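Worksheet: the structure to be examined is printed underneath.
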Amino acid sequence: MNKNILPLRTVDGAALMSQPLRPPNFVVDTLLAQGLHILAGSPKVGKSWLALWLSVMVAKGELVWGMSVKQGTTLYLCLEDSVLRIQNRLFEITEDAPSSVHFCTECDLIGQGLEEQVETFLTAHPDTVLVIIDTLQMVRPARDATYANDYRDLSALKQIADAHGIAILLIHHLRKESADDVFNRISGTTAISGAVDSSFTLVEERRGSGRAKLSCIGRDIEYRELTLERNGENVWELVSDSRTQPELLGDRIVYLLSELMHDQTEFIGTPTELSERIDPVGVERMSPKKVSRQILQNLDALRKIGISAVVRRSNGRRLIELQRAESDDTQGVPAVDPVDPAGALCGDLRAISEYGE
């Protein structure tokens with residue numbers, strides 16, 4: 001065996017199911033998380049208008065279709081536009097563009113300097129939360145459209161997004177032919193859809209109607225369809241949203257546990273026992289597995305309302321221990337920092353492996 005090859009760093013199932021994990025950071029709540037994403041649409045459908053508006057709204061910290069954003073610096077690589085065109089469009093969509101949104105009309109290609117250029121910008125602007133590349137084709141080297149090439153190009157960008165905890169949104173094209181699944185119309189091989197964390201397609205109801213459907217699918221978001229309409233200022237406004245549960249599960253578990261602990265200072269029981277206590281008739285659909293996961297992913301929110309939580313094993317059983325802050329017993333409960341799942345999935349499992357039961 002080659003001594004220079006490091007052994008696999010693993011984590012056992014019991015430790016993983018007891019380890020707090022921090023959910024992904026959302027740049028646009030419930031819609032656009034940290035990672036690599038693609039927005040594809042037909043030519044001239046209004047993708048660039050949407051990208052410009054999104055970059056400005058996030059930089060200003062204003063709601064995007066009623067969803068809160070993580071305010072920060074944004075970088076918009078508008079590679080098919082001129083500075084004059086961007087200026088004209090800015091005057092249409094906003095009265096005041098902040099200095100925290102940056103525009104660039106020229107950059108290097110992937111593998112030929114782009115990654116270093118983006119890294120340099122992120123170093124100079126560490127509060128960056130969103131980078132938009134319009135379009136993906138403009139930053140790709142000229143070579144055969146193979147699965148390997150598609151995956152290699154997108155993986156280079158995904159590594160940057162994951163390393164810095166930001167969202168990178170790629171503007172791309174749809175193929176003209178129809179398909180039962182609109183995501184199959186995204187131009188390129190299946191590697192493009194496979195390499196990104198979420199895909200968005202913008203399709204007009206009919207050409208030139210100014211009304212379109214934004215279909216959304218991804219690893220960290222639920223499937224949803226947003227009906228949008230472009231107003232006289234070229235801003236895409238929300239008409240309807242297929243998402244039928246506006247209240248997040250994370251918010252719900254915090255509420256249910258706050259109700260449970262309102263009249264008691266401690267709870268120790270199995271996930272099944274806790275599920276039966278907070279959802280006795282199954283209205284909330286809080287299964288034992290879902291309860292454990294939601295607790296582990298919302299420790300910070302629970303801590304803010306005075307509830308400490310630990311998931312551990314005892315005598316072969318998985319137990320959930322909750323304590324209300326008013327109790328003196330909480331002084332001995334260790335604060336366990338959640339692990340960033342993005343880092344863990346990249347191979348850094350030391351924090352999880354070392355977590356004791």
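With R₀ set to 51 Å, the beta-carbon distance separating K44 from D300 gives a calculated FRET efficiency near 0.70. Size of segment 42-127 from its Cα atoms: along the principal axes, largest to smallest, the extents are 37, 30, 23 Å.
Give the accessible surface of segment 1-55 per residue, rounded to a whole number of Å², with probe radius 1.4 Å and ligands, DNA and RNA excluded.
I get 48 Å² per residue for this part.
Within segment 137-203, the ratio Rg/Rh, alpha carbon atoms throughout and Rh by Kirkwood, equals 0.96.
Dividing the alpha-carbon Rg of the chain by 2.2 N^0.38 Å yields what?
Compared with the compact-globule rule of thumb, the chain sits at 1.12.
Each label point was placed 7 Å from the Cα along the Cα-to-Cβ direction; for N25 and L109 their separation is 3.2 nm.
By the gyration tensor of its Cα atoms, with a ≥ b ≥ c the square roots of the eigenvalues, what is the shape of segment 90-195: rounded for a/c under 1.5, prolate for a/b over b/c, or oblate? Since a/c reaches 1.5 but b/c is at least a/b, the shape of segment 90-195 is classed as oblate. Using a probe of 1.4 angstrom and keeping all protein chains present, the accessible surface of segment 162-274 works out to 50 square angstrom per residue. Sites count as exposed loop sites when they are trypsin sites (Lys or Arg not before Pro), lie in a DSSP loop, and have at most 12 other Cβ atoms within 10 angstrom; the longest stretch of the chain without one is 45-142.
With all protein chains in place and a 1.4 Å probe, the accessible surface of the chain carries 49 percent carbon and sulfur. Once backbone amide H atoms are built at 1.01 Å from N, M67 has no partners under 5 Å, excluding neighbours fewer than 5 places away on the same chain. Computed over the Cα atoms of segment 204-274, pair by distinct pair, the Kirkwood hydrodynamic radius stands at 15.9 angstrom.
Remark: the N149-V203 segment gains 16.8 nm on full extension, using 0.36 nm per residue and subtracting the alpha carbon distance.
Solvent-accessible area of D251, all protein chains in place: 80 Å² (probe radius 1.4 Å, heavy atoms, ligands and nucleic acids excluded).
Would you list, by chain and number, the lysines whose Cα falls below 23 Å from the Cα of K44, excluding same-chain residues fewer than 8 positions away? Cross-link targets: K176, K213. Inter-label distance, M138 to S314: 6.0 nm, where each label sits 7 Å from its Cα along the C-beta direction. Spherically averaged projected area of the convex hull of Cα atoms, segment 1-76: 9.9 nm².
In this simple spin-label approximation, T123 and Q159 carry label points 7 Å from Cα along the Cα→Cβ vector, and these lie 1.6 nm apart.
Every Cα-Cα pair in segment 30-70 was counted, and those over 17 Å apart are 36% of them.
Across all directions, the average flat footprint of the convex hull enclosing the Cα atoms of segment 1-154 is 13.9 nm². Using R0 = 35 Å, the C-beta based FRET efficiency linking A14 and E266 works out to 0.90.
All C-alpha to C-alpha distances of segment 117-253, sorted into 5 Å bins beginning at zero, yield P(r) values of 2, 8, 15, 19, 18, 17, 13, 7, 2, 0 percent in whole numbers.
The values are calculated or read from the model by the stated rules, or taken from the named source; none is laboratory data. Source: prediction; values computed, not measured. Because the Cβ atoms are built from the backbone with ideal geometry, glycine has one as well, and the counts that use them run over all protein chains shown. These accessible areas exclude ligands, DNA and RNA; they are computed on the full protein's heavy atoms, side chains included. Shrake-Rupley method; radii C 1.70, N 1.55, O 1.52, S 1.80 Å.
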